[in-house]
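Let me begin by presenting the structure, written as structure tokens, before commenting on it.
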Amino acid sequence: MTPPTIRFSFDGRPLQASPGASVASALVANGLRSWRRTRTLGAARGLLCGIGTCFDCLVDVGTQRAVRACVTALRDGDSVRTSASRGSGGTDPCPPAPAGTAADVLRGAVLVVGGGPAGLAAADAAVGCGVSVVLVDSAARLGGQLLRQPSLDATGDVRPLSRGLAVRYPRLAHAPGVTVATGTGIWQLRAGGGGVVGWLEDGRRIETTAMVLASGATELVAPFPGWDLPGVVSAGAAQTFIKAHGELVGRRVLVAGSGPFLFPVAASLARTGAKVVSVVEALSARRLASLAGALARHPAKATEAAAYVTAVVRHGVPVRTGRVVARCEPGRDGTVGKAVVVPNREADGAGGRQDRRAHVYDVDAVCTSFGFVPRLELARQLGLAEEVRPGQLFSAVACDVTQATSVAGVFAAGEVTGIEGGEVAALEGTVAGAAAAAYCLGRDPRDGESGGGRLDASRDRRMVMARNFAACLNRAYPIAVPLGLIGDETVVCRCEDVRAGAIRSAFATGAASAREVRNATRCGMGYCQGRTCGPLVQLMTAASFPASASLVGDLQQRPVAIPVALQAVARGSRTIGDRSGGTGS
Amino acid sequence: MRRPSPGLTVLASPRCSDELPAGADVVIVGAGIVGTAVAARLVATGADVCLLERSAPAAGCSSSGEGNMLVSDKLPGPELDLAMRSLALWEEVGSEAADRIEFQRKGGLVVAWDAAQLAAIRALGDEQEAAGATVRRLEGADLAEVEPQLSPLVAGATFYEADCQVQPMHAVAYQLERAVRGGGRIVRGAQVRGWSSSGSDAVALETTRGSLRVGTAVVNAAGPWAGELAERLGSHLPVVPRRGHVLVTEPVSLVTAHKVYEADYIASVHEEAGGWRCSSVVEGTASGPMLLGSSREFVGWSVVPDPDIVEAIAARAIAVFPGLANVRLMRTYLGFRPTTPDRLPVIGWDAEVPGLLHATGHEGGGICLSQATAEAVQCLLERTTPPVSLEAFDPARFSTAGSCSNWART
């Protein structure tokens, strides 16, 4: 039975939303694009990444201040208010304490961090090997981004494992020894020879013998003048809105950036009823043509690609290559109204007989993406060795053939080990889960028995094929952020409103690393702690200091992986209320 | 080490110079708060100064603290005298550059939980007053008026209006700029390996960027690495790193306008128990986030935060300000305080090695003490009498046998 419509208010206005809505999807469905003012410039902000990583969509709900609208479920009677980008504190009424207590410890053999394709496959494989699993994902339901599920099933079920995923992973649905924790993230993680300990946002702890890190990737959203207007969102946000809530981020949408992801997003938008005014790809058509050979060798991928292209063509969406969004301009209400698209001077092949006109599009949303960057906060807490994979630009967790990392008992799978897509992620997850199980059982992970020896050969072949295709894709689509478009007035750090000019001044006065840029400008010191701007600052630093070109970004050191209430941090401390100072050894 | 791209002429300006000069009269090692303060002061007198920095300005302890400049936590005697002199000098700097370095005279509040602690902080306040500090005693309604959100369980407090705060990285940048504008040179990426053994009469330092001749002095402002540097230069200085954690919260509306800390903070500075100690320190910043400390431990250079300490700091902060319970922690960072066996700085000529002048060992008080330290260095170089006696800070006190045995930690 479907739950009734949700009644809520925004800044005192009574509004309604569909069941299963997030605060963000409810606001957007009601025609609202901004619900926040930044602390420094008072700029209007709304949705950006849509998956809880960028902290741009902060909103006040009830007694909670500055919570992410995109991951906060809307409840009947909620009083939603514009956020001033500040937390609760001082004289604000204190929200209820987190649900967990210090005594709540989730125990198991293998902790799986992340419930996307890699994490689900890892958990499934580990359970299949007979060990207990604790599976954690900070989203309300399992699936990650690629397998994003509707926020509630047709039956109104909102449990972590949707009906669709339960069919795909029956072991996770029915086997004993599977503990699932969703809607709460891990803020601190430690692993070594003695086991794995994780600290959850809600105050609970996790203790296991081994773990699989499958924390995925974030989208690279490149700045341009006007990218901070409400209505400019990441391509992933558009996709998530459709999959989770059946909502559109806009009615007249430009999809722009670079990468294969632009096509599935454009197709989803068009199928769901948006007018996609164009798909704008920064790289030249010649670069993309190099994919033809790869597609010929991977028929399944060719079929998938053809489906996206067909959908785009059928809905009359023009595709323009070698072009970028030069700027966005506001409409009457201050949200995005126009997008100006120009030839991409920084692309190879941008010259000669190319059409040099600028195209101006009337839009109410722009969806942009320049590829993906591995999410390394927890990897860095664990001290895992990293590497830059051939053909990729950003650092990723280094693994061997069993998906083992440099720390004993810690395995990793999926995009966190390198951007290679969902099929590789799932295959790696299976290997990692089996290897983690073998580790717990005292067996050698390379022993085929642990993972089901008979399946190894075919899985290995599929892995080789999938990785081969991913490599072709990465070669055809190198990260192509047009840094030249970033004017001095363009905001780079959205959390702290730090403009590119300030960053360039920092370079001119001696800053030569992302950390020094942060210290000089506050770039990266806001809520997202450099998650959004970090890759951009790294690219800008590398452009100014090519000899240093290390993109192991030091803006991503993360002793605290996500913001966590102090009382959840203090939970379990013997010294709460105790008048003596803390001591320990 | 990173070099600027040759095509970017804007980086050729002297302020980012990577060229090691052939020599300098005074070579300062370490571009932290102390090193840059010394450099800025000396160039103003016309001295020929070269500042060597192996990493980046303020990359060490100077960027890992809270920017505090306190009278309140200094024991009467040479430490308090140096702090009061240094604060007076900071007031001058602050009046010129307040906005740039975020200089605030915010005041410090020391809170006691019971009668015994209250008696102790009042007694300390008496002694500090005798030395010239201004101390208010607060409890009950007076305390609630000064600090409305303080826990009602606090028995009483002492308030120091002269306690200040500054943004330490901006302060280092400001001092560095003054040094460079005055003709000083800064060389990045230069780590001192030792004395150059070229065999000529000239005294020279060997660095990773080459060697440079030294005229009058080498100033050791290497902070927690000052002990290592001293070894490389043929001396011995018992300065070791003492690790601290700082928790940074999200921006919040005003919780406190002051720096507030627990009475046992001062004991935590001076005691020598093994393991770790945590004593709450709470303050806001101009940009919104709150900084929560503090911890002290000797764990070498370990850069992995200790979960038990993070938990304790959070718990103690909530005990002092219950309204912090739902404020979110955003990040933590670690700092390594340059620490000596008697917790007093080391300011003076090395007892054995000629031309080596130490300006280090300030434990958690480097930001505050930097100005008076720079003034003292100038006096030592000019052979004039400094306003504050440096006898207690003399490096020679460590040359006597057995003086540094009772505190070393593995």
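The values are calculated or read from the model by the stated rules, or taken from the named source; none is laboratory data. Only a predicted model underlies this, so the values are computations on that prediction, with no experimental measurement involved. Glycine also receives a Cβ, built like all others from the backbone with ideal geometry; neighbour counts cover every protein chain displayed. Surface accessibility is based on the protein's heavy atoms, side chains included, excluding ligands, DNA and RNA. Shrake-Rupley method; radii C 1.70, N 1.55, O 1.52, S 1.80 Å.
If Lys and Arg each add +1 and Asp and Glu each add -1, what is the summed charge of the other residues whose beta carbon sits under 13 Å from the beta carbon of B:Asp81? Overall, the nearby charge balance is -2.
Between A:Val105 and B:Leu153, the FRET efficiency from the beta-carbon distance, with R0 = 51 Å, is close to 0.95. Farthest toward the positive end of the dipole of the protein assembly as shown, out of B:Ser63, A:Thr272, A:Thr72, is the Cα of A:Thr272, where the dipole comes from beta carbon charges about the Cα centre. Quick one, could you list the DSSP H helices from chain A stretching 20 Å or more along their long axis (Cα atoms) with average Kyte-Doolittle hydropathy of 0.0 or above? In chain A, the long hydrophobic H runs are A:299-314, A:422-440. Excluding same-chain neighbours fewer than eight residues apart, the aspartates and glutamates reachable from B:Lys74 by a Cα-Cα span under 15 Å are B:Asp126, B:Glu127, B:Glu129, B:Glu161, B:Asp163, B:Glu262, B:Asp264, B:Glu271, B:Asp342, B:Glu363. Just going by the charge dipole of the protein assembly as shown, with Lys and Arg at +1 and Asp and Glu at -1 on Cβ, which of A:Ala508, A:Thr532, A:Ile242 is farthest out on the positive end? It is A:Ile242, whose Cα lies furthest towards the positive end. Here the range B:193-333 is assigned +1 on the Cβ of each Lys and Arg and -1 on the Cβ of each Asp and Glu. Its dipole about the Cα centre then comes out at about 380 debye.
Cross-link partners for A:Lys301 among the lysines, with Cα-Cα distance under 29 Å and sequence neighbours closer than 8 places in the same chain left out: A:Lys243, A:Lys275. With every protein chain in place and a 1.4 angstrom probe, the accessible-area ranking of B:Phe103, A:Phe241, largest first, reads B:Phe103, A:Phe241. Using 0.36 nm per residue and subtracting the Cα-Cα separation, the extra length available between A:Val401 and A:Val309 on full extension is 29.6 nm.
Based on every Cα atom in chain A, Rg and the maximum pairwise Cα distance Dmax equal 23.3, 77 Å.
Here r is the Cβ-Cβ distance between B:Asp99 and A:Val388 and R0 is 56 Å; the resulting FRET efficiency, rounded to 0.05, is 0.85. In a reduced charge model with +1 at each Lys and Arg Cβ and -1 at each Asp and Glu Cβ, the protein assembly as shown shows a dipole moment near 4180 debye about its Cα centre.
Temperature 10 °C, viscosity 1.306 mPa s: under these conditions the Stokes-Einstein estimate for the range B:216-317, based on its Kirkwood radius over C-alpha pairs, is 101 µm² per second. Simple rule: put +1 on each Lys or Arg Cβ and -1 on each Asp or Glu Cβ in the range B:142-234, find the dipole, and look at B:Gly210, B:Val146, B:Ala190; the Cα lying farthest toward the positive end is B:Gly210. Relative contact order of chain A: 15 percent, from C-alpha pairs under 8 Å at least 6 residues apart in sequence. For the range B:119-147, the residues whose backbone nitrogen is under 18 Å from a point 7 Å from the Cα of B:Ala88, taken along Cα to Cβ, are B:128-135. The Kirkwood hydrodynamic radius of the protein assembly as shown, based on inverse pair distances between different Cα atoms, is 30.2 Å.
Taking a ≥ b ≥ c as the square roots of the eigenvalues of the Cα gyration tensor, the range B:117-175 is oblate, since a/c reaches 1.5 or more and a/b is not larger than b/c. Averaging the sequence gap over all C-alpha pairs within less than 8 Å and six or more residues apart, then dividing by the number of residues, gives chain B a relative contact order of 22 percent. Convex hull volume per residue, computed on the Cα atoms of the range B:173-221, equals 95 Å³. Close amide H contacts of A:Val212 (hydrogens built in the peptide plane, cut-off under 5 Å, sequence separation of 5 or more or a different chain): A:Leu111, A:Val112, A:Val113, A:Phe411. Of the residues A:Asp78, A:Asp60, A:Asp11, B:Asp99, ranked by 1.4 Å probe accessible area with the largest first, the sequence reads B:Asp99, A:Asp11, A:Asp78, A:Asp60.
If you model the range B:276-399 as an ellipsoid using its alpha carbon gyration tensor, with each semi-axis the square root of five times an eigenvalue, the axes come out at 37, 17, 11 Å, biggest first. Computed with a 1.4 Å probe over protein heavy atoms only, the accessible area of A:Cys495 comes to about 10 Å². Give me the tail of P(r) for the range B:132-278 as a percent: Cα-Cα pairs with distance above 20 Å. Of the Cα pairs, 70 percent sit more than 20 Å apart. With the convex hull constructed from alpha-carbon coordinates only, chain B shows a mean projected area of 20.6 nm² over all directions.
Length gained on full extension, B:Glu145 to B:Glu228: 25.0 nm, using 0.36 nm per residue less the C-alpha separation. Inverting the pair-averaged 1/r between distinct Cα atoms of the range A:250-360 gives 14.9 Å as its Kirkwood hydrodynamic radius. Each peptide in B:305-315, B:386-396, A:144-154, B:333-343 was scored by the mean count of other Cβ atoms within 10 Å over its residues; highest first, the order is B:305-315, B:333-343, A:144-154, B:386-396. Label-to-label distance, A:Ala285 versus B:Ala130, with points set 7 angstrom from Cα along the beta-carbon direction: 9.0 nm.
Projecting label points 7 angstrom from Cα along Cα→Cβ for A:Thr155 and B:Ser197 puts them 8.1 nm apart.
Once the Cα atoms are used to define both axes, helix B:168-181 deviates from the longest principal axis of chain B by about 30 degrees.
Put simply, the range A:373-463 fits an ellipsoid with semi-axes of 22, 16, 9 Å; these come from the alpha carbon gyration tensor as the roots of five times its eigenvalues, largest first. Simple point charges give the picture: +1 on the Cβ of Lys and Arg, -1 on the Cβ of Asp and Glu, and for chain A a dipole about the Cα centre of about 940 debye. Quick check: from the Cα gyration tensor, does the range A:103-153 come out rounded (a/c under 1.5), prolate or oblate? Oblate. Here the simple spin-label model places points 7 Å from the Cα toward Cβ, and for B:Thr384 and A:Arg332 these points are separated by 7.2 nm.
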